[in-house]
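Everything below concerns the one structure shown next.
The values are calculated or read from the model by the stated rules, or taken from the named source; none is laboratory data. Not measured: the values here are computed from a predicted model. FYI the Cβ positions are ideal-geometry reconstructions off the backbone, even for glycines, and counts take in every protein chain you see. Surface areas here come from the heavy atoms of the whole protein model, side chains and all, with no ligands, DNA or RNA. Shrake-Rupley method; radii C 1.70, N 1.55, O 1.52, S 1.80 Å.
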Amino acid sequence: MTVMKTAARAAFMAGTALAVTLATGIATATLAQAQSATPQPSAVHSRLDDIMKSGTLRACATGDYKPYSFRRPDGQFEGIDVDLVASLAKSLGVKPVIVPTTWKALMDDFTAGKCDIAVGGVSVTLDRAARAYYSKVVMIDGKSPIVRCADVAKYQTLADLNKPSTRAIANPGGTNERFARQYLPNATLTIYPDNVTIFQQIADGKADVMVTDSSETLLQHKLNPALCPVNPDKPLQFGEKAYLLPRGDDVFKHYVDQWLNLAQKTGEYQAVVDKWLK
């Protein structure tokens with residue numbers, strides 16, 4: 001009797017082990033089939049990959065906005081953002097290439113893929129943010145007037161500027177024109193096509209005032225002492241500058257933001273700014 005019980009127990013245990021083994025095998029096979037049937041995520045493609053593969057970083061810039069980007073008579077570009085684009089390209093081991101554009105065509109050129117990044121004193125606006133990513137803020141820089149030095153006391157407030165007797169001037173297609181049309185509707189406004197020689201129009205008495213970024217008013221005063229910024233430390237409108245990046249490309253944005261963070265923390269960024277503004 002004892003032998004029979006022992007044999008029966010052994011048979012039961014063997015059957016149980018076999019059942020567990022079969023169940024485990026079925027579960028494993030089912031899981032493997034489910035995993036093979038489920039699409040596995042592929043590596044996220046980024047403009048960063050294209051840049052490194054091509055060996056070039058293409059940066060759109062207008063070339064008419066000192067101190068950020070300026071196109072010299074020989075066709076070469078220079079300025080704060082031109083130097084910083086070179087630094088970004090160097091960090092990637094690629095060559096920087098400046099792609100000329102205009103303020104009016106900037107967003108269309110950028111979204112058409114003519115460049116990988118847009119630089120050169122690009123102001124942060126919501127309409128641009130709807131079509132592209134921005135990098136982290138590069139500089140806080142509001143709008144201030146620049147006038148002949150003899151007229152500084154005459155144009156202290158927005159009300160002083162917004163009069164029919166005020167001959168305002170602005171370059172087309174950017175935030176300067178937008179500011180003038182929005183806040184100086186009563187002034188006599190001239191849209192002047194050349195942002196390089198526009199300040200000479202004020203110096204020559206052909207216009208009275210231009211409202212532009214405070215940093216530009218300071219530089220223009222340095223270049224032409226007859227022109228003076230009006231309260232550049234208290235701008236008429238808050239503003240920020242950043243770089244345009246492809247919308248939806250988080251990989252490239254994260255890289256540019258990290259590069260910029262390091263450039264600012266190590267002093268490289270400030271050294272470039274000081275080179276052009278001091």
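Taking the stated definitions as given, is residue 91 of a type in the set (Ser, Thr, Tyr) and open to solvent by less than 20 Å² (accessible area, probe 1.4 Å)? Give the derivation first.
Details: of a type in the set (Ser, Thr, Tyr): yes; open to solvent by less than 20 Å² (accessible area, probe 1.4 Å): no.
So residue 91 does not fit the description; no.
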Subject >> Count of residues meeting criterion [surrounded by fewer than 21 Cβ atoms within 10 Å (Cβ to Cβ) and not polar (S, T, N, Q)] in the stretch 108-129 >> reply: 10
**OP:** Can you confirm whether the stretch 249-257 contains a residue that is β-branched (Val, Ile, Thr), under 17 Å from residue 83 (Cα atoms) and either loosely packed, with under 13 Cβ neighbours inside 10 Å or in the same structural domain as residue 113 (by the TED database) (or both)?
**Re:** yes
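Okay, residues lined up against (1) assigned to a loop (DSSP other than H, G, I, E, B); (2) at pLDDT 95 or above; (3) out of contact with any Asp or Glu (no Cβ under 8 Å at 6 or more places or on another chain); (4) closer than 17 Å to residue 236 by Cα:
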residue	(1), (2), (3), (4)
136	yes, yes, no, no
144	no, yes, no, yes
147	no, yes, no, yes
150	no, yes, yes, no
153	no, yes, yes, yes
156	yes, yes, yes, yes
159	no, yes, yes, yes
163	yes, yes, yes, yes
173	yes, no, yes, no
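What residue, among those in the stretch 121-134 that are assigned to a loop (DSSP other than H, G, I, E, B) and either among the charged types (D, E, K, R) or closer than 26 Å to residue 223 by Cα (or both), is modelled with the highest pLDDT?
At the first step, the residues of the stretch 121-134 found to be assigned to a loop (DSSP other than H, G, I, E, B) are 121-122, 124-125, 130-132.
Pick out the ones that are also either among the charged types (D, E, K, R) or closer than 26 Å to residue 223 by Cα (or both) and you get 121-122, 131.
On the way: 121: 93, 122: 95, 131: 98.
That would be 131.
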**OP:** Taking the residues in the stretch 64-86 that are within 18 Å of residue 141 (Cα to Cα) and part of a loop (DSSP other than H, G, I, E, B) as candidates, determine which candidate is most open to solvent (accessible area, probe 1.4 Å).
**Re:** 66
**OP:** Considering each of 146, 169, 140 in turn, give the residue that is open to solvent by 70 Å² or more (accessible area, probe 1.4 Å) and in contact (Cβ under 8 Å) with a residue 40 or more places away in the chain.
**Re:** 140
Original post:
residue 118 versus (1) at pLDDT 95 or above; (2) not assigned by the TED database to the domain that holds residue 247: which is the lone unmet condition?
Top reply: (2)
